[in-house]
Every structure is written in C-alpha cells, then in structure tokens.
Ligand SMILES: Cc1cc2nc3c(=O)[nH]c(=O)nc-3n(C[C@H](O)[C@H](O)[C@H](O)COP(=O)(O)OP(=O)(O)OC[C@H]3O[C@@H](n4cnc5c(N)ncnc54)[C@H](O)[C@@H]3O)c2cc1C
Ligand SMILES: Cc1ncc(C[n+]2csc(CCOP(=O)(O)OP(=O)(O)O)c2C)c(N)n1
Ligand code: SF4
Ligand code: SF4
Ligand code: SF4
Ligand SMILES: [Mg+2]
C-alpha cells in the first residue's frame, strides 16, 4: 500500500488568482476504501476552493464521526479543522462561527452523523441560518461501522448484508427545505461536472447552504439492489437543469440565450446561471421544491441539481445583531467600555 | 478518436521514452531496477544484449535516451541513464561464462567485415554464435575503430575497450589488423558470402583555402588525425598556446587532450553561438571545467605565419540571426578582425565519408554526395552481397547508432545467406505481465523519490591534467548508484486499462498526482487533447483512449507525465487499472536456426 502520494505534480498545472495550484488545496492521502464516493467529494471541494481562489487559512473544516467525517483530513491540509463527536458538528460550527464570522465554514457530515444521532442538531442549525456550507456525503449506510442501513436508506434497498431495509427513509433535502435552509441542492459524487459548481455556489452563498451528495460506499452498499450504488444512481438520476457558476471577478463570456436560462446573483456578486429543463421551475419556490422532490421519489427518480435558493435570506449574525468583527479583534475598549457607558445604559432603562 | 490498440507493441514501447529513444532500444528501466537490486551482472547482460558495449557506452554514449527521459519533464534533470550503465559494468562479476559461444561446427558461410569499429563488431557478435565464419579487417593495430583511435583514454580507459572488444573477437572471429582493404572488388573476388562495410567516416575536414594554411602547415593539424596520433603514442606534446577550431565533440576532445599534452593556454574558437554548438552540453561543461574558454561567434579569417612560424589567427566577429523557420545566418559585425596569438592550431570542424577503395563498377550505387545508396531498413546496397552500417552508412553519427545498424545488418546478412527475403524482418519480442502481488502491493518499487540528479565524482583536476590516460570520471559508488537508480520512474510498468471493469467512480482521476486521467466525451484527437484536466500539449506523447463506457464517455490518459506510481491501480475498486511490466526486445539474427547440415568450407 502506498501511504505517500508522490510530490511531483503536472508541470503545467493551472494556477489561480492567489498563485496557488490545486496542490495547495490537497490534504493527506485518503485511507478510505478504493473507489469510495467520499474521495470524489473531497476532490470536488479541492477543485471548487482552488477555482474560487479561497485562501486556505480562511477556511475551517468541521465534522462529526464517520468515513465521511474523516474526509476533512484528505482536503485543504493548510486550513483549520475540528473533528468533533458523532452528530455534534453543528454545535461546534455554531460556536466557531459566532466567535469568528469572517471564516468560511465547511461542515462535512454523513447520513448517519446527520440523519440518525445528529438529527436534532441538524434541524436547529438550519433554523438558525448559520452561515456555512453543510455537506452530507450520503451513502445510505454507516460505512465506518461496517455498513448498517442508515436513516436515509430507501425502504427495500439491499446493502451487502443482503436484507432489504424495512424502514422509511428520511430525505435530508426535504427536511432542510422544511426547516428553512436558504440554499438546498443535491449532487452525486460520480458527477463532478454538476457537483463542483454546486459547491462553489454554496461557498459563496451567505446563509445556510445544504448539499446532499449521494456518495456510494463501494464496500458495503454498492450492490445491484441498493438504491445508492453507482449503477442504480446512474440509471435513475434526473437533474433540475444544468448550472454554471460565475464568480464575481470573472467576466461573463458565454452567450446565454434569453429565456432559456435564469440568472441568480449571490450576495457577493457572483452569478449562477441555470439552464432549466422545466421552464416552470422556480428556484425560489420552497413548496414547489418539496413537491418536486416528492414526485421524483414516487417515480423512483433521484432529483439532483440546485433545488432551492434564496440569496437574500437572513443569516444568524444578522438575526442576533452581533458585533461586526470577529471576537478576537475586539480590544479592551470594546469589551470593557467603562462606567460612562454603563451609566448611559442604566439611564436608558430608567 | 479511435480507442488505443494496446496490442500494438509500439504503443507501450513509446511510453518507455528512454528505450524508445535508444537506437538499439536497450531495456533501460529493466537494467536500472537490477542496479537498484545490486544485481550488477544481470544489469550488465541486459545491456550487452542490446548495446554490446555497456562499459564503453556507460562512459561515452551520446545518450539520446536522456533528453527523452520522462523524469526530465517533471523536474529539471533526467535520470543519469548513461552513468548507471557504467555502474553495471564497473560492479559486475566475471561474465564470460554468460556470453554466447560460437559453435565448433560452422554453418559454412564466410563473411568479411571491413573496419573493426562498433558496427562491424556488432555484426560479428550477432553472427558468430550462429556458426558464421567471420573475417574482420582493419588498418589499425587493434579492434575498436574510432573508439580506440579517437576517443581519448581519459574518457575511455584502454582496459575497458580491450575487455569489451575482446568478448567479441574471442568468439572465434578471425581478425586481420594492420591490414587496409584497398579494393572491395578484390575482397568480393575472395568469394565471401557477404561483405559488411563498417569503415566509418574517416576523413577530417580541413581549412585548405584559408590564407596561411600552407606555410603554417607544421603547426596546423586536422583534429581526428591528431587525436589518432596521440592515441597511438606518435604525438606526445603540443605548443603552449593552442587554438581549437570547431564546436563539436571532436573539438572538445582535442582541447582537453591538448591540455594534457602541455597546452597551457588552450582556447576553443567557434563560428556559431555557444548554444548552437554541436558538442553535447556535458562535454562543453567538462572542457570549461578544465579552464578552456569557449569563444563563440568568431569566424576564422587567416593563419598568421611569420618567418615560417605560426604566430596566431585572425577572426571576424559575427552575430547569429534566425529566420522564421529557425534557419541561422551569421551576420558580420563589421568590426576590425580580432587576433588571437597561438603556437599550434587543431582543426576540428567535422568529418566526411570517403570510399576511395570501393570501385564504382561493382554494382554499388553512390549518390551525389558520394554516399552509398542503401535500403534504410536492411542496410543492403545495390550489390546484394554488400551491406553497410555505422558511420559508413549514413555519415558520422555515434557508437550506439553504429551498434543498432550492426544488429539490423546482421539480420539481413543472416536472411540473405539463407536465401530468405531480407525485407521480411522478425518482429520484436514483447511481454506484458501484471505486477500485482497483493491488494496494494506491487513487484516493482512504486514509491517516487524526490532526489535531484546525482553528480558523478571526478578525479582532482591537477592530477587529471597531468596524465592523459587517467580517467577523469570516477563513476558512481554503489550507494550513489542506488539513489540515482531510485529516481527512475519505471516507465515500462504500464498502466493498462480494462474498460469493461470500470464503474466510473473517478477514484483514479482524484488520486493521480499528475492529472493524467480523464473521463470525458470522445472527440477528434486535437479537441480531445484540449479538453483534458491539463491539456495534453506534448504532441510527442500519445494519449490512451478507451472504448465507450456506460455513461457514454471515454477514459483518456495523457501518457506525458505519468509517474508510473500505480496509485490509480491501487485506488481502482474494480481493478480496471493494472500495472503491467512491458518488455520489448528488438529481434536479433538468431531467430531462425540455420541448416545444420552445412559443412565448414575448406581453406578457412
Ligand atoms: C573525436 C571523436 C570523438 C568521438 N566521441 C564519441 C563519443 O564519445 N561517443 C560516441 O557515441 N561517439 C563518438 N564519436 C563517434 C564514434 O566514434 C563513431 O560514430 C563510431 O565509432 C562509428 O563506428 P563505425 O563502426 O561506423 O566505424 P569506426 O568506429 O569509425 O571504425 C571504422 C574502422 O574502419 C577502419 N577502416 C576504414 N577504412 C578501412 C579500410 N579500407 N580497410 C581497413 N580498415 C578500414 C578504420 O581504421 C576504423 O578503425 C566520436 C568521434 C570522434 C571523431
Ligand atoms: C456517540 C457515538 N455513537 C456511535 C458511534 C459509532 N459510529 C461511528 S461512525 C457511525 C456511523 C457513521 O455513519 P455516517 O455518518 O453515515 O458515515 P459514513 O461512515 O457512512 O460515511 C457510528 C454509528 C460513535 N462513534 N459515537
Ligand atoms: S524515468 Fe526511467 S524508465 Fe522513464 S524514461 Fe527515464 S530512465 Fe526511462
Ligand atoms: S501510475 Fe496512475 S496514478 Fe500514477 S501517475 Fe500514472 S496515471 Fe497517475
Ligand atoms: S478507479 Fe477504476 S472503476 Fe473508478 S473510474 Fe477509475 S478505472 Fe474506473
Ligand atoms: Mg454513511
């Protein structure tokens, strides 16, 4: 087994605005099973951060427990990270975000970490609208503990154990929509052309962005009768449409046919171009998104792509009216404004 | 683009850049691995099989493999392929018992070889074990050709030359030294079944018409003649101030030899810009290291002779200009001529072929440049009994090219003597074997080392300049050889893709350190090359394209900077990638056994 990735890279590797190559966004060599979808998710995150020219030291990776939650080790090796306890990533993310609102927060979780033990935390972090990317690498099982069916496994789906799952599945996108997420999307680890722009858009979105990525577990849940194996997903995938992400700095060079696409401008000025398959779809219609997911599920179809987006949603700091700068930047004068300030407050309450 | 045909041996051969570039197609990575395993004797034999003179070539080869080496595309310098060859030769055991022997019973065919240079010796090496009776003729007193008369001993010690020439002559070859062939017709009349002309390109160019050439004659020498006189001990000294004219490897050998014969102020003066000089970069380096300035952009005007004594030379200063096609013209700067004083001049401005001993009425056709017209694959001349090879075939080249010619000419001579069609060439031997030992274990060392190229240590300069026979390079020791060998990327361990197994999980794409692998829609080659993660701009390198996969895409791998690290195959959950060692051996003149009934012909 090779534990060291060679240090040589392609001499003509592209360079981003910061002068970095993809290599600067890599992590250490993955120890996941060969062919695990989670590794593709890591690669998509690396690509997205590279293309957005994000400074690695401005990013914090947070995760819970599971194979998926291990992946932050395998990307963005020069960024900050916190591998927390099972299902508790949202609390850690909330604390970190409140302390320093200037960082970019990437939460990585699994279907077990989010839909079982962490379901409560998941619902509440969405309700609060924490400004972060919350990505679930969803393989329908507890990969790390040898492949038990998870709460997102479809009823009747058969993993390597060979027994059909008797329980109803939780659809995390539907739940995110119902609890108030302002960006909801679904991707597939085997389709990076779709996944990378979704991640880029989510990273630029101000507010809570949720991406459910179907990410097959090659070892325990890639059977011909599993609804989360490569084959089934490829055969049953449908997309809301194609999407292009244009960051603020870049000039729009493509020619968009009027009417065929919808443009959504994000808070930071970058633009999403949607080429919708169904012209009647409205990305800002929460109810329609939920219905759409439901009808696809009934037809045994997996709906992917950008499902819902509200670029102007209120994020947690705005709701709470917190200070504008990270706590670490507050000086003694801010923290201890003195007796005159106290008197003024007291006076105002009289 | 059509899917790649992995069954065509040339596809994977081309991936092994060094072997592909070697005129004799030496299995380079195979011998480098053997060196890393300290199996020097086997490493030597892998070389000997292909290039016949590993000890000589490990010191002197022109190394076309090194500029081709893949390592040179991912970091500044290629693997020291040539100097590792020397390691195999230096550290091997006695190999005599491993070499083929000439059978007692001959096959009845007699072959004459004119010249005992590397080309003829290679023909002898291939034909002697098959029972041919070989007669080699050379004007010199010993075998080796230019390797003996031209290449100075400080680069190639006589003992190494004697050993490797000896291996061949000892295969029962009849050598006729001090014997110049002055008529090919007479030789053919001796009823040889075939004649091989390996007489080299023996004539040095002169500056016959430059003013002062005649009166200065005692002080002006043609480089290759002078080197031969030094090699055979006829010349043992030179004036204090020496000018060497020319920018090729001969000029480099002349100036370095002059330094050892008493030349204290030795300069190389060359017409072209430094970067355009024909000499290999390392030869220029070696000359500069021995305090020899190289003065470029100077065209000789005249020799200045005063009172019968050469006092110096005048030069015109020029500047190089290149047209759109890169063609060069030297433009005069129109300044006053520059004078360089000197005591002697060595003219090393090139060599020519000369065949005054070949009659023009014996069926051999010569072109307008006086070169024999040959079939480029068989080396046969218009007289079917006469074959050419080495510098005599297509003009001055190098040892490894002469060897490659010799192998091919031997095949032709063998087929010809059997009355077979000599254009029906035997195919190469190829072998493709999986290196898989376990789930993540390979039978080759797939770890990639970061070390930059190791330098070969030299003897102390003052010692070297004091003795023209003292070898300058000391060679790698075993430890440095191991480290250098570890730099090799094992380009013969091929990434072989089996599309029916692939589930398009992208794991190989994500792990590949050098972005070789892609899954994309198929397109015509130029568009496909543009579409890759890193566009495949190196047109010399092929791209490996699969048949259609279930999603309708194809796998496209750019071979250009693949490290052969095997990570793609380790990461693939379905073993759609496998690492397979590809062995490619050029066929030799031994593939078909001869008719054993033939009796030894009388009188030999
Ligand atoms: C100064 C110098 C340095 C060189 N250094 C290198 C080097 O470092 N590396 C490298 O790869 N190459 C080098 N070369 C080139 C290399 O030596 C030749 O390309 C190579 O030796 C050609 O081999 P060959 O078998 O064709 O003939 P040669 O080696 O030239 O041998 C021809 C032989 O034929 C003999 N001969 C010719 N005519 C007759 C005749 N009529 N009768 C009898 N005998 C005859 C000659 O005496 C000679 O011995 C160098 C050349 C020169 C001039
Ligand atoms: C508190 C607690 N309970 C249970 C476990 C055991 N455990 C480890 S990982 C895991 C499930 C992980 O599943 P998922 O989040 O889907 O990750 P995957 O490995 O599938 O990517 C469980 C139950 C634990 N580590 N901690
Ligand atoms: S790295 Fe090794 S195998 Fe590859 S071209 Fe260079 S010497 Fe040959
Ligand atoms: S062997 Fe495979 S992983 Fe390694 S460089 Fe080559 S294609 Fe990439
Ligand atoms: S790792 Fe194997 S199965 Fe996966 S895409 Fe590559 S070749 Fe195909
Ligand atoms: Mg899971």
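The values are calculated or read from the model by the stated rules, or taken from the named source; none is laboratory data. Fair warning: this is a prediction, and the values are worked out from it, not measured in the lab. Backbone-built Cβ (ideal geometry, glycine too); neighbour counts: all protein chains shown.
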### Message
List the helices (runs of 4 or more DSSP H) inside the stretch B:483-582, counting only whole elements, that have at least 1 residues being surrounded by fewer than 19 Cβ atoms within 10 Å (Cβ to Cβ).
### Response
B:525-531
### Query
Can residue A:304 be described as loosely packed, with under 14 Cβ neighbours inside 10 Å and either in contact with a helix residue (DSSP H, G or I) (Cβ under 7 Å, 6 or more places away or on another chain) or at pLDDT 95 or above (or both)?
no
### Task
Using the structure shown, decide if residue A:94 is away from ligand 5 (no atom under 16 Å from the Cβ), in contact (Cβ under 8 Å) with a residue 60 or more places away in the chain and part of a helix (DSSP H, G or I).
yes
### Residue match in the stretch A:20-32 (condition: at pLDDT 95 or above, assigned to a loop (DSSP other than H, G, I, E, B) and farther than 24 Å from residue A:110 by Cα)
yes
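What number of residues in the stretch B:557-567 are touching a helix residue (DSSP H, G or I) at 6+ places or on another chain (Cβ under 6 Å) and more than 10 Å from chain A (Cβ to nearest Cβ)?
1
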### Query
Which residue, of A:46, A:4, is without any contact (Cβ under 8 Å) to a residue 40 or more places away in the chain and either within 18 Å of residue B:518 (Cβ to Cβ) or surrounded by 18 or more Cβ atoms within 10 Å (Cβ to Cβ) (or both)?
A:46
### Query
For the stretch B:558-579, does any single residue satisfy the condition of being away from ligand 6 (no atom under 16 Å from the Cβ), without any contact (Cβ under 8 Å) to a residue 60 or more places away in the chain and in contact with a strand residue (DSSP E or B) (Cβ under 8 Å, 6 or more places away or on another chain)?
yes
### Message
Return the residues of the stretch B:166-188 that are within 17 Å of residue B:94 (Cβ to Cβ) and either under 22 Å from the mean Cα position of the chain (by Cα) or not in a loop (DSSP other than H, G, I, E, B) (or both); say none if nothing qualifies.
### Response
B:166, B:167, B:168
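Evaluate the stretch B:229-238: report whether one residue or more is on the phi > 0 side of the Ramachandran plot, in a loop (DSSP other than H, G, I, E, B) and more than 14 Å from ligand 1 (Cβ to nearest atom).
Yes, the conditions are met somewhere in the stretch B:229-238.
Quick grid of which residues meet (1) more than 14 Å from chain B (Cβ to nearest Cβ); (2) at pLDDT 75 or above; (3) surrounded by 17 or more Cβ atoms within 10 Å (Cβ to Cβ); (4) closer than 25 Å to residue A:50 by Cα:
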residue: A:231; (1), (2), (3), (4): no, yes, no, no
residue: A:235; (1), (2), (3), (4): no, yes, no, no
residue: A:243; (1), (2), (3), (4): yes, yes, yes, yes
residue: A:250; (1), (2), (3), (4): yes, no, no, yes
residue: A:256; (1), (2), (3), (4): yes, no, no, no
residue: A:259; (1), (2), (3), (4): yes, no, no, no
residue: A:265; (1), (2), (3), (4): yes, yes, no, yes
residue: A:269; (1), (2), (3), (4): yes, yes, no, yes
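State yes or no: is residue B:466 more than 14 Å from chain A (Cβ to nearest Cβ), over 25 Å from the mean Cα position of the chain (by Cα) and touching a residue at least 60 places away in the same chain (Cβ under 8 Å)?
It is true that residue B:466 is more than 14 Å from chain A (Cβ to nearest Cβ), over 25 Å from the mean Cα position of the chain (by Cα) and touching a residue at least 60 places away in the same chain (Cβ under 8 Å).
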#### Entry: Yes/no for residue B:204 being at positive phi and touching a strand residue (DSSP E or B) at 6+ places or on another chain (Cβ under 9 Å)
no
### Query
If you take the residues in the stretch B:189-212 that are within 22 Å of residue B:401 (Cβ to Cβ) and part of a loop (DSSP other than H, G, I, E, B), which one is farthest from the chain's Cα centre (by Cα)?
B:205
### Query
Any idea which of B:424, B:451 is modelled with pLDDT of 95 or more, over 30 Å from residue B:262 (Cβ atoms), in a loop (DSSP other than H, G, I, E, B) and more than 16 Å from ligand 1 (Cβ to nearest atom)?
B:451
#### Entry: Verdict on residue A:206 being out of contact with any helix residue (DSSP H, G or I) (no Cβ under 8 Å at 6 or more places or on another chain) and more than 12 Å from chain B (Cβ to nearest Cβ)
yes
### Message
Taking the condition of being within 14 Å of chain A (Cβ to nearest Cβ), assigned to a loop (DSSP other than H, G, I, E, B) and in contact with a strand residue (DSSP E or B) (Cβ under 9 Å, 6 or more places away or on another chain), how many residues in the stretch B:427-442 meet it?
### Response
1
### Task
Give just the number: which of (1) under 21 Å from residue A:195 (Cβ atoms); (2) within 7 Å of another protein chain (Cβ to nearest Cβ); (3) in a loop (DSSP other than H, G, I, E, B) does residue A:6 not satisfy?
(1)
### Task
Could you tell me which residue of the stretch A:125-183 is nearest to ligand 2 (Cβ to nearest atom), considering only residues that are within 14 Å of chain B (Cβ to nearest Cβ) and buried (at least 24 other Cβ atoms within 10 Å of the Cβ)?
A:143
### Query
Is it true that residue B:60 is more than 16 Å from ligand 6 (Cβ to nearest atom), within 13 Å of the chain's Cα centre (by Cα) and closer than 23 Å to residue B:167 by Cα?
yes
### Message
out of contact with any strand residue (DSSP E or B) (no Cβ under 6 Å at 6 or more places or on another chain) and within 16 Å of ligand 4 (Cβ to nearest atom): which single residue out of B:515, B:492 fits that description?
### Response
B:515
## Note on the structure
The correct count of residues that are in a loop (DSSP other than H, G, I, E, B) and within 29 Å of residue B:139 (Cβ to Cβ) in the stretch B:67-100 is 2
### Query
In the stretch A:198-250, which strands (runs of 3 or more DSSP E) lie fully inside it and hold 2 or more residues that are away from ligand 4 (no atom under 16 Å from the Cβ) and more than 22 Å from residue A:276 (Cβ to Cβ)?
none
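Conditions tested, residue by residue: (1) out of contact with any strand residue (DSSP E or B) (no Cβ under 8 Å at 6 or more places or on another chain); (2) under 20 Å from residue A:289 (Cβ atoms).
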{"site": "A:189", "(1), (2)": "no, no"}
{"site": "A:192", "(1), (2)": "yes, no"}
{"site": "A:201", "(1), (2)": "no, yes"}
{"site": "A:206", "(1), (2)": "yes, yes"}
{"site": "A:213", "(1), (2)": "no, yes"}
{"site": "A:216", "(1), (2)": "yes, no"}
{"site": "A:219", "(1), (2)": "yes, no"}
{"site": "A:223", "(1), (2)": "no, no"}
### Query
Hey, does the stretch A:122-134 have a residue that's within 16 Å of the chain's Cα centre (by Cα), farther than 20 Å from residue A:93 by Cβ and not in a strand (DSSP E or B)?
no
### Query
Exactly one of (1) modelled with pLDDT of 95 or more; (2) within 28 Å of the chain's Cα centre (by Cα) is unmet by residue B:519. Its number?
(2)
